[in-house]
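Here is the structure we will look at, set down as C-alpha coordinates.
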Amino acid sequence: MKLFNALFHSSVGKKYVMGMTGLALFGFVIGHMLGNLQIFLGPDKINAYGAFLKSMPKLLWAARISLLACVFLHIASAISLVRDNRRARPVAYQVRQARSTTFASRTMIWSGLIVLSFIIYHLFDFTISPDYKGVDSEGRHDIFAMVVLGFSNPFSAAFYILANTLLAIHLSHGMQSLFQSLGWSVGRFRQAFHNLALLVGWSVFIGNVSIPVAVLLGFGKEAV
Ligand code: HEM
(Lines give C-alpha, C1' and ligand atoms only; values in the text may rest on other atoms or scores of the structure.)
Protein backbone atom coordinates (compact mmCIF):
# COMPACT_ATOMS: atom_id res chain seq x y z
CA MET A 1 0.00 0.00 0.00
CA LYS A 2 2.88 2.33 0.88
CA LEU A 3 4.48 1.55 -2.48
CA PHE A 4 1.15 2.19 -4.25
CA ASN A 5 0.84 5.59 -2.56
CA ALA A 6 4.44 6.48 -3.35
CA LEU A 7 3.95 5.55 -7.00
CA PHE A 8 0.55 7.04 -7.68
CA HIS A 9 0.31 9.97 -5.28
CA SER A 10 3.57 11.79 -5.90
CA SER A 11 4.82 13.47 -9.06
CA VAL A 12 8.11 11.57 -8.86
CA GLY A 13 6.22 8.27 -8.54
CA LYS A 14 3.97 9.10 -11.49
CA LYS A 15 7.00 10.05 -13.59
CA TYR A 16 8.57 6.75 -12.65
CA VAL A 17 5.44 4.81 -13.70
CA MET A 18 5.28 6.77 -16.96
CA GLY A 19 8.98 6.16 -17.68
CA MET A 20 8.94 2.44 -16.89
CA THR A 21 5.71 1.70 -18.78
CA GLY A 22 7.02 3.83 -21.67
CA LEU A 23 10.19 1.74 -21.69
CA ALA A 24 8.17 -1.51 -21.77
CA LEU A 25 6.02 -0.19 -24.65
CA PHE A 26 9.16 0.91 -26.44
CA GLY A 27 10.52 -2.65 -26.05
CA PHE A 28 7.36 -3.95 -27.70
CA VAL A 29 7.65 -1.43 -30.56
CA ILE A 30 11.26 -2.52 -31.26
CA GLY A 31 10.40 -6.24 -31.09
CA HIS A 32 7.32 -5.74 -33.25
CA MET A 33 9.30 -3.77 -35.83
CA LEU A 34 12.07 -6.40 -36.03
CA GLY A 35 9.42 -9.12 -36.39
CA ASN A 36 7.62 -7.18 -39.12
CA LEU A 37 10.81 -6.48 -41.07
CA GLN A 38 10.93 -10.22 -41.80
CA ILE A 39 8.39 -9.40 -44.48
CA PHE A 40 11.40 -8.47 -46.66
CA LEU A 41 12.60 -12.10 -46.34
CA GLY A 42 9.45 -13.29 -48.12
CA PRO A 43 6.03 -14.80 -47.29
CA ASP A 44 7.38 -17.99 -45.73
CA LYS A 45 9.41 -16.20 -43.02
CA ILE A 46 6.74 -13.72 -41.90
CA ASN A 47 3.92 -16.29 -42.00
CA ALA A 48 6.04 -18.75 -39.99
CA TYR A 49 6.77 -15.98 -37.48
CA GLY A 50 3.02 -15.24 -37.07
CA ALA A 51 2.26 -18.95 -36.65
CA PHE A 52 5.09 -19.26 -34.10
CA LEU A 53 3.62 -16.43 -31.98
CA LYS A 54 0.17 -18.00 -32.12
CA SER A 55 1.57 -21.41 -31.14
CA MET A 56 2.09 -20.07 -27.58
CA PRO A 57 -1.37 -18.74 -26.72
CA LYS A 58 -0.75 -18.42 -22.96
CA LEU A 59 2.43 -16.41 -23.44
CA LEU A 60 0.78 -14.34 -26.17
CA TRP A 61 -2.16 -13.45 -23.94
CA ALA A 62 0.12 -12.69 -20.98
CA ALA A 63 2.07 -10.30 -23.22
CA ARG A 64 -1.14 -8.72 -24.57
CA ILE A 65 -2.55 -8.16 -21.06
CA SER A 66 0.75 -6.72 -19.80
CA LEU A 67 0.88 -4.39 -22.80
CA LEU A 68 -2.67 -3.24 -22.18
CA ALA A 69 -1.85 -2.58 -18.51
CA CYS A 70 1.23 -0.58 -19.57
CA VAL A 71 -0.84 1.49 -22.04
CA PHE A 72 -3.41 2.19 -19.31
CA LEU A 73 -0.83 3.14 -16.65
CA HIS A 74 1.18 5.23 -19.13
CA ILE A 75 -1.88 7.29 -20.09
CA ALA A 76 -3.24 7.54 -16.53
CA SER A 77 0.10 8.82 -15.16
CA ALA A 78 0.46 11.26 -18.09
CA ILE A 79 -3.03 12.73 -17.50
CA SER A 80 -2.43 12.92 -13.77
CA LEU A 81 0.92 14.71 -14.24
CA VAL A 82 -0.67 17.23 -16.61
CA ARG A 83 -3.35 17.87 -13.95
CA ASP A 84 -0.70 18.28 -11.22
CA ASN A 85 1.13 20.81 -13.40
CA ARG A 86 -2.07 22.77 -14.04
CA ARG A 87 -2.90 22.78 -10.32
CA ALA A 88 0.59 24.02 -9.51
CA ARG A 89 0.17 26.84 -12.04
CA PRO A 90 -3.57 27.56 -12.47
CA VAL A 91 -2.94 30.81 -14.39
CA ALA A 92 -1.29 30.26 -17.74
CA TYR A 93 1.97 32.07 -18.47
CA GLN A 94 1.35 35.41 -20.18
CA VAL A 95 4.26 34.81 -22.50
CA ARG A 96 5.18 31.28 -23.54
CA GLN A 97 8.87 30.61 -23.31
CA ALA A 98 9.20 29.18 -26.77
CA ARG A 99 12.85 28.31 -26.35
CA SER A 100 12.46 26.25 -23.16
CA THR A 101 9.87 23.87 -24.65
CA THR A 102 10.06 22.12 -27.99
CA PHE A 103 7.25 21.29 -30.40
CA ALA A 104 7.54 17.62 -29.33
CA SER A 105 7.22 18.36 -25.61
CA ARG A 106 4.20 20.65 -26.08
CA THR A 107 2.38 18.08 -28.19
CA MET A 108 3.18 14.88 -26.25
CA ILE A 109 -0.43 14.36 -25.19
CA TRP A 110 -1.70 14.86 -28.75
CA SER A 111 0.91 12.67 -30.44
CA GLY A 112 0.18 10.04 -27.75
CA LEU A 113 -3.58 10.18 -28.33
CA ILE A 114 -3.23 9.96 -32.12
CA VAL A 115 -0.83 6.99 -31.77
CA LEU A 116 -3.42 5.36 -29.47
CA SER A 117 -6.18 5.85 -32.04
CA PHE A 118 -3.81 4.41 -34.67
CA ILE A 119 -3.24 1.32 -32.48
CA ILE A 120 -7.02 0.78 -32.19
CA TYR A 121 -7.42 1.14 -35.98
CA HIS A 122 -4.41 -1.13 -36.52
CA LEU A 123 -5.80 -3.84 -34.21
CA PHE A 124 -9.04 -3.94 -36.21
CA ASP A 125 -7.10 -3.73 -39.50
CA PHE A 126 -4.73 -6.65 -38.90
CA THR A 127 -5.74 -8.60 -35.79
CA ILE A 128 -9.41 -8.39 -34.78
CA SER A 129 -11.18 -8.19 -38.13
CA PRO A 130 -8.74 -8.13 -41.04
CA ASP A 131 -10.29 -7.84 -44.53
CA TYR A 132 -7.99 -10.62 -45.67
CA LYS A 133 -8.12 -13.87 -43.68
CA GLY A 134 -6.58 -16.19 -46.31
CA VAL A 135 -4.06 -18.92 -45.55
CA ASP A 136 -0.86 -19.90 -47.38
CA SER A 137 0.01 -23.32 -48.84
CA GLU A 138 1.01 -24.51 -45.34
CA GLY A 139 -2.37 -23.54 -43.87
CA ARG A 140 -0.90 -20.59 -41.89
CA HIS A 141 -2.53 -17.15 -41.72
CA ASP A 142 -1.11 -15.37 -44.79
CA ILE A 143 0.24 -12.28 -43.03
CA PHE A 144 2.38 -11.40 -46.07
CA ALA A 145 -0.68 -11.11 -48.33
CA MET A 146 -2.71 -9.31 -45.65
CA VAL A 147 -0.03 -6.63 -45.16
CA VAL A 148 0.66 -6.19 -48.91
CA LEU A 149 -3.05 -5.94 -49.72
CA GLY A 150 -3.64 -3.60 -46.74
CA PHE A 151 -0.88 -1.19 -47.76
CA SER A 152 -1.94 -1.28 -51.41
CA ASN A 153 -4.65 1.12 -50.27
CA PRO A 154 -2.79 4.47 -50.37
CA PHE A 155 -5.06 6.02 -47.69
CA SER A 156 -4.33 3.22 -45.26
CA ALA A 157 -0.59 3.39 -46.06
CA ALA A 158 -0.65 7.19 -45.60
CA PHE A 159 -2.31 6.82 -42.18
CA TYR A 160 0.40 4.34 -41.11
CA ILE A 161 3.10 6.76 -42.26
CA LEU A 162 1.48 9.70 -40.42
CA ALA A 163 1.00 7.67 -37.23
CA ASN A 164 4.60 6.47 -37.35
CA THR A 165 5.82 10.07 -37.79
CA LEU A 166 3.97 11.03 -34.60
CA LEU A 167 5.24 7.88 -32.89
CA ALA A 168 8.84 8.89 -33.74
CA ILE A 169 8.29 12.39 -32.29
CA HIS A 170 6.63 10.90 -29.20
CA LEU A 171 9.35 8.25 -28.67
CA SER A 172 12.24 10.69 -29.15
CA HIS A 173 10.85 13.17 -26.68
CA GLY A 174 9.74 10.48 -24.22
CA MET A 175 13.24 9.05 -24.24
CA GLN A 176 14.80 12.48 -23.73
CA SER A 177 12.53 13.00 -20.70
CA LEU A 178 13.45 9.59 -19.34
CA PHE A 179 17.19 10.31 -19.68
CA GLN A 180 16.63 13.60 -17.88
CA SER A 181 14.59 11.99 -15.07
CA LEU A 182 17.34 9.40 -14.63
CA GLY A 183 19.84 12.24 -14.31
CA TRP A 184 21.90 11.02 -17.27
CA SER A 185 21.21 13.90 -19.61
CA VAL A 186 23.36 16.50 -17.85
CA GLY A 187 26.42 18.59 -18.57
CA ARG A 188 28.57 17.37 -21.41
CA PHE A 189 26.40 14.25 -21.90
CA ARG A 190 23.27 16.27 -22.51
CA GLN A 191 23.71 16.66 -26.27
CA ALA A 192 24.82 13.03 -26.70
CA PHE A 193 21.67 11.69 -24.97
CA HIS A 194 19.51 14.15 -26.90
CA ASN A 195 20.98 12.83 -30.17
CA LEU A 196 20.64 9.20 -29.03
CA ALA A 197 16.91 9.69 -28.34
CA LEU A 198 16.43 11.28 -31.77
CA LEU A 199 18.38 8.50 -33.45
CA VAL A 200 16.37 5.74 -31.77
CA GLY A 201 12.97 7.38 -32.42
CA TRP A 202 13.69 8.02 -36.09
CA SER A 203 15.27 4.59 -36.63
CA VAL A 204 11.96 3.06 -35.54
CA PHE A 205 10.25 5.38 -38.01
CA ILE A 206 12.49 4.22 -40.89
CA GLY A 207 12.02 0.54 -39.98
CA ASN A 208 8.23 0.76 -39.72
CA VAL A 209 7.60 3.10 -42.63
CA SER A 210 9.84 1.10 -44.98
CA ILE A 211 7.05 -1.51 -45.18
CA PRO A 212 4.10 0.61 -46.44
CA VAL A 213 6.50 2.62 -48.65
CA ALA A 214 7.93 -0.58 -50.20
CA VAL A 215 4.41 -1.89 -50.88
CA LEU A 216 3.38 1.42 -52.46
CA LEU A 217 6.47 1.09 -54.70
CA GLY A 218 5.37 -2.40 -55.81
CA PHE A 219 6.97 -4.76 -53.27
CA GLY A 220 5.19 -8.11 -52.83
CA LYS A 221 2.53 -7.50 -55.49
CA GLU A 222 3.69 -10.50 -57.59
CA ALA A 223 3.25 -12.88 -54.61
CA VAL A 224 -0.37 -12.02 -53.74
C1 HEM B 1 4.02 -0.17 -40.59
C2 HEM B 1 4.31 -0.80 -39.51
C3 HEM B 1 3.55 -1.98 -38.93
C4 HEM B 1 3.23 -3.18 -39.50
C5 HEM B 1 3.57 -3.67 -40.89
C6 HEM B 1 2.51 -3.94 -38.50
C7 HEM B 1 2.01 -5.21 -38.69
C8 HEM B 1 1.24 -5.92 -37.79
C9 HEM B 1 0.63 -7.21 -38.03
C10 HEM B 1 0.78 -8.00 -39.32
C11 HEM B 1 -0.04 -7.56 -36.92
C12 HEM B 1 -0.90 -8.84 -36.71
C13 HEM B 1 -0.05 -10.00 -36.37
C14 HEM B 1 -0.88 -11.27 -36.37
O15 HEM B 1 -2.11 -11.24 -36.36
O16 HEM B 1 -0.24 -12.33 -36.35
C17 HEM B 1 0.15 -6.50 -35.94
C18 HEM B 1 -0.38 -6.51 -34.66
C19 HEM B 1 -0.17 -5.49 -33.73
N20 HEM B 1 0.53 -4.32 -33.92
FE21 HEM B 1 1.48 -3.77 -35.61
N22 HEM B 1 2.44 -3.19 -37.34
C23 HEM B 1 3.06 -1.98 -37.56
C24 HEM B 1 3.23 -0.94 -36.66
C25 HEM B 1 2.76 -0.97 -35.36
C26 HEM B 1 2.98 0.07 -34.39
C27 HEM B 1 3.76 1.35 -34.68
C28 HEM B 1 2.38 -0.32 -33.22
C29 HEM B 1 2.31 0.36 -31.90
C30 HEM B 1 2.74 1.56 -31.64
C31 HEM B 1 1.78 -1.62 -33.46
C32 HEM B 1 1.05 -2.34 -32.54
C33 HEM B 1 0.49 -3.58 -32.76
C34 HEM B 1 -0.24 -4.33 -31.75
C35 HEM B 1 -0.51 -3.88 -30.31
C36 HEM B 1 -0.65 -5.54 -32.36
C37 HEM B 1 -1.43 -6.67 -31.73
C38 HEM B 1 -0.49 -7.74 -31.27
C39 HEM B 1 -1.24 -8.96 -30.76
O40 HEM B 1 -2.45 -9.00 -30.74
O41 HEM B 1 -0.60 -9.91 -30.38
N42 HEM B 1 2.03 -1.98 -34.76
N43 HEM B 1 0.93 -5.52 -36.50
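R140 falls short on exactly one of the conditions (1) out of contact with any Phe, Trp or Tyr (no Cβ under 6 Å at 6 or more places or on another chain); (2) more than 10 Å from the ligand (Cβ to nearest atom); (3) farther than 22 Å from V29 by Cα, and that condition is (2).
Yes/no matrix, rows are residues, columns are (1) more than 16 Å from the chain's Cα centre (by Cα); (2) at pLDDT below 95; (3) of a type in the set (F, W, Y):
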{"residue": "H122", "(1), (2), (3)": "no, no, no"}
{"residue": "D131", "(1), (2), (3)": "yes, yes, no"}
{"residue": "D142", "(1), (2), (3)": "yes, no, no"}
{"residue": "P154", "(1), (2), (3)": "yes, no, no"}
{"residue": "L166", "(1), (2), (3)": "no, no, no"}
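Of all residues in the stretch 59-84, those that are of a type in the set (S, T, N, Q) and either at pLDDT 95 or above or within 13 Å of the ligand (Cβ to nearest atom) (or both) total 1.
If you check I46 against the conditions, is it of a type in the set (V, I, T), within 11 Å of the ligand (Cβ to nearest atom) and closer than 13 Å to F144 by Cβ? In short, yes. Within the stretch 180-224, the set of residues being among the polar types (S, T, N, Q), within 14 Å of the ligand (Cβ to nearest atom) and not in a helix (DSSP H, G or I) is empty. When the stretch 41-57 is filtered for residues that are more than 21 Å from the chain's Cα centre (by Cα) and in a helix (DSSP H, G or I), the ones remaining, listed by number, are L41, P43, D44, K45, N47, A48, A51, F52, K54, P57.
The values are calculated or read from the model by the stated rules, or taken from the named source; none is laboratory data. The structure displayed is predicted, hence computed values, not measured ones. Cβ: placed from backbone, ideal geometry, glycine included. Neighbour counts: every protein chain shown.
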